[in-house]
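Peer 1: One structure follows; several queries about it will come next.
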Amino acid sequence: MKQRIDQIPAIWFIFSSLLSLFCLGIYVWGGIEGLAWKEVSELIPQSISLFPESNTSPQSSIFLVRQHYYVQSVAPVFWPMLLGALLAILGLTLLGQFVQSWAKVSWRQIVLGLLVWCGIIFWRNVQLSAMEWFSFLHSPWVIIACISAGWLCILSSSAIPSIILEISHSPDKTSSQKKFMGFMLFYLINLILSMGNLWGFWTSTLYVPAFIILEISFAIGMFRSLRLEEKSQQRIYAALFLLSHSILIPFLWNNNEVGIRALESWGFMTHIAMTLLFPVFLWSNFKEPIQQNLAIYKVIHKAHFIPIYLIQIGVFIVCVSWVFARQGTAWHQIVAAYYNEQGDVEHFVGDRMLEQMSYKNAMIHSKLNQKSNLSLARMSQASGDIEKQAYYLQTSQIKNPKEKNFVALANIYGNENQWFESLFTLKKAHQLFPGSPQISTQLSRVYEQLKQIDSAAYYVVMAKELASTSPITWANLLYFDVRHGSQIGKKDEIASWSTSSDHAVKSNLLALFWQNKHELPTQYPQEAFDVQMDVRDFAYIYTSSLYFKGQSTVYPIQEWIKDPNWLQKFPEIAFLDAWQDYYHQQPLRALNKLDLLVQKENETKAQEYRLILQHWKQELLEVKAKVRLENVSQARSAIQSYPFSVGILQQALPLLHQANRHQEAYQASLAAVQWNEDLAAFYPLYIQEAYQQGEISYAEEAMTRLKKLDPALYQTHATAFSMAKEKAVNRQKF
């Protein structure tokens, strides 16, 4: 049992170190931002010759893919708050142990008091849901955690000077003093540089950020507290450590930067004050041991004249005065962070009014903080209030401009057709972030909207150079070459893109080679894939199906059309369905589908489809199939592939009758006549089939039509028609 107890300090040190490293990792990563990049693809129609081998090839539209960036607002994440709550419970438990030990109150009294208090609270709020309870308890937790973080900064402010004192100790007095003064001077200069950068006095990268110093001091302070003999002092430090990190984790992860700035400001204030007072503390208490070069660090926590806690109280008084000498900046920042945290909780509760109020209260204390402005911009975007969204985005970038904020604002102007405002916003962003491929991509799109093609081409190339491995920049460059014939892409570079798996690149590359009438590279992949309801996927299957015709992959388009979302997002899929049927052995079904589209579409599109329909009919008529049919299966397959071949019909119809498929034979002859009303060759077949089915009136109408089209052909079959009619009349008598 004693061995387990002895292991507790080591376990606490490992746990606290891991917790500090976790927070440092989030700090370096940056947490989730209020805005996130989202790729947007647009379908841009491009007219092209569908049948370049034909002299009268109809023109139709394929689809190019133009891509740009949309900035999506990001909501806070709940799990850091939940993890913080668990740490807070553990910290409050240790704090309760400290209070119990310090006040010498029995556990029975504490537990009884807590039960009575919790019972009354629960009775008065029994109607609350689980998330409402979390929101209800969240406010006092954040207050206690913020106070704990403030006190922990003060308690740990002597941790680094103590370590410096320890590592400075040398065999001789002079070396010890030089090392200590050198390390302390270096530490103080770093703190001043960090302070100046945080407060905007200067810009420098030659310093260790304040938050990293804080976490190091917290971990060192935790390690030093485990050396203390009194367990109550260990508990208070551990409790403050857990409570502080219970709020640091959600602050860092949900990017509540105003809270981190408040803690950093307070932290380096306390550290600077302690750095200045610590030598005085040492000299006042350990003058004689210092002169004898003794290991003072071993007894530093046992000062005889001025205890360390009095120095810490002095640091607190000095730093509070310092805070309010600066108009209470750190105070307002921490209050703003508190309201931001409340707003995040209300987001998960679902109370949008309280969420908005919390973020606005935060802006009262810190108008320019990113967290409040981006959260309110997110809420404005969700409610469709464009003006407020633009206002909050503009406010958020006054103090800390970021490229995502500029792009989001430029997109708002563009959506409102204010392209010049969008251009000015992006040009300012480009000055601040010249290495951003996203801003170059947006500039190219805006210049294209303003018909400034040369400028648009310039930024397309710039975006590709800035992000030479990004498929978006490749696809946009290919789009530009096809759309504007600019030839800004290098031939060898374009050829290397043919192995890309990105469907926007593959679609635009195929369109480029098609338009320029060049052969595709041998490495160009054409393979089936799991199609999603995505613009890039649709553009690729549409363009590749039109280009490869019968050699293209067969897709389950008829299944997609059953989903109304497909038709709503991509209405051209109905034409693609007819196209695929025609080039994959279903030409008659394709003609019927395309004929229905001709009746539904507007005149421009209908005329385009009529030309395609006419081309298909002519193509079917020109096919001279030399096939010998021997059974009904071959007959059905031949009719399906060659519905307008007289020779095929003459062979296939008798085989269908032999298999008692009389209706199929009639429908085949009827389709041939309906689609070729001016061609006499199909009428004798239809007339015979009509009489066979007892459709005497239809047969006579067809005979009348045949007399006008080709009297000689009619006379050739007149006798056969008479015999067929006589048989049909006789069948009807029974």
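Peer 1: Out of the residues in region 377-391 that are touching a Leu at 6+ places or on another chain (Cβ under 8 Å) and surrounded by fewer than 24 Cβ atoms within 10 Å (Cβ to Cβ), which is farthest from Val40 (Cα to Cα)?
Peer 2: By that ranking, first place goes to Lys388.
Peer 1: Can you work out which of the residues in region 691-717 that are of a type in the set (Gly, Ala, Ser) and open to solvent by less than 60 Å² (accessible area, probe 1.4 Å) is nearest to Phe644 (Cα to Cα)?
Peer 2: Ala702
Peer 1: Identify, from the list Leu83, Leu137, Leu94, Leu114, the residue that is more than 42 Å from the chain's Cα centre (by Cα) and part of a helix (DSSP H, G or I).
Peer 2: Leu114
Peer 1: When you check Tyr459 against the structure, is it buried (at least 22 other Cβ atoms within 10 Å of the Cβ), part of a helix (DSSP H, G or I) and not charged (D, E, K, R), yes or no?
Peer 2: yes
Peer 1: I'm trying to understand the selection: among the residues of region 145-192, which are open to solvent by 20 Å² or more (accessible area, probe 1.4 Å) and outside any helix (DSSP H, G or I)?
Peer 2: Matches in region 145-192: His169, Pro171, Asp172.
Peer 1: Which count do you get for residues in region 631-690 that are open to solvent by 30 Å² or more (accessible area, probe 1.4 Å), in contact (Cβ under 8 Å) with a residue 40 or more places away in the chain, under 26 Å from Thr704 (Cβ atoms) and part of a helix (DSSP H, G or I)?
Peer 2: 1
Peer 1: If you scan region 656-699, which residues turn out to be more than 19 Å from Ala635 (Cα to Cα), of a type outside the set (A, V, I, L, M) and in contact with a Lys or Arg (Cβ under 8 Å, 6 or more places away or on another chain)?
Peer 2: Trp675, Asn676, Glu677, Tyr683, Tyr691, Gly694
Peer 1: Of all the residues that make up region 278-314, how many are among the basic types (Lys, Arg), at pLDDT below 70 and over 20 Å from Ser225 (Cα atoms)?
Peer 2: Of the residues in that region, 0 qualify.
Peer 1: Out of all the residues in region 393-411, which are open to solvent by 20 Å² or more (accessible area, probe 1.4 Å) and either more than 16 Å from Leu423 (Cα to Cα) or among the charged types (D, E, K, R) (or both)?
Peer 2: Residues satisfying the conditions are Gln397, Ile398, Lys399, Asn400, Pro401, Lys402, Glu403, Lys404.
Peer 1: Residues being in contact with a Gly (Cβ under 7 Å, 6 or more places away or on another chain) and in a helix (DSSP H, G or I): count how many of those fall in region 573-593.
Peer 2: So the answer is 1.
Condition check ((1) in contact with a strand residue (DSSP E or B) (Cβ under 7 Å, 6 or more places away or on another chain); (2) crowded, with 24+ Cβ neighbours inside 10 Å; (3) part of a loop (DSSP other than H, G, I, E, B)) across all residues:
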site: Ile364; (1), (2), (3): no, no, no
site: Asn373; (1), (2), (3): no, yes, no
site: Asn417; (1), (2), (3): no, no, yes
site: Glu421; (1), (2), (3): no, no, no
site: Phe424; (1), (2), (3): no, no, no
site: Lys428; (1), (2), (3): no, no, no
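Peer 1: Now for a separate question. Any residue at all in region 502-522 that's of a type in the set (A, V, I, L, M, F, W, C), at pLDDT 85 or above and either outside any helix (DSSP H, G or I) or more than 30 Å from Thr469 (Cβ to Cβ) (or both)?
Peer 2: No, the conditions are met nowhere in region 502-522.
Peer 1: Residue by residue through region 564-587, note down the ones that are farther than 23 Å from Leu64 by Cα and open to solvent by 50 Å² or more (accessible area, probe 1.4 Å).
Peer 2: Of everything in region 564-587, those that are farther than 23 Å from Leu64 by Cα and open to solvent by 50 Å² or more (accessible area, probe 1.4 Å) turn out to be Pro564, Gln585.
Peer 1: Could you list, ordered by first residue, the pairs with Cβ atoms under 7 Å in which the first is in region 1-25 and in a helix (DSSP H, G or I) and the second is modelled with pLDDT under 80 and surrounded by 10 or more Cβ atoms within 10 Å (Cβ to Cβ), at least 6 apart or interchain?
Peer 2: Pairs found: Pro9/Leu226; Trp12/Leu226; Phe13/Leu226.
Peer 1: Next up: Of the conditions (1) open to solvent by 60 Å² or more (accessible area, probe 1.4 Å); (2) β-branched (Val, Ile, Thr); (3) part of a helix (DSSP H, G or I), Thr469 clears all except one; give me its number.
Peer 2: Condition not satisfied by Thr469: (3).
Peer 1: Scanning region 483-523 for residues that are open to solvent by 90 Å² or more (accessible area, probe 1.4 Å) and touching a residue at least 60 places away in the same chain (Cβ under 8 Å), which turns out farthest from the chain's Cα centre (by Cα)?
Peer 2: Lys517
The values are calculated or read from the model by the stated rules, or taken from the named source; none is laboratory data. What you see is a predicted model; the values in this text were computed from it and never measured. As a convention, Cβ positions derive from the backbone with ideal geometry for all residues, glycine included, and neighbour counts pool all protein chains shown. What goes into the accessible areas is simple: the full protein's heavy atoms, side chains included, and nothing from ligands, DNA or RNA. Shrake-Rupley method; radii C 1.70, N 1.55, O 1.52, S 1.80 Å.
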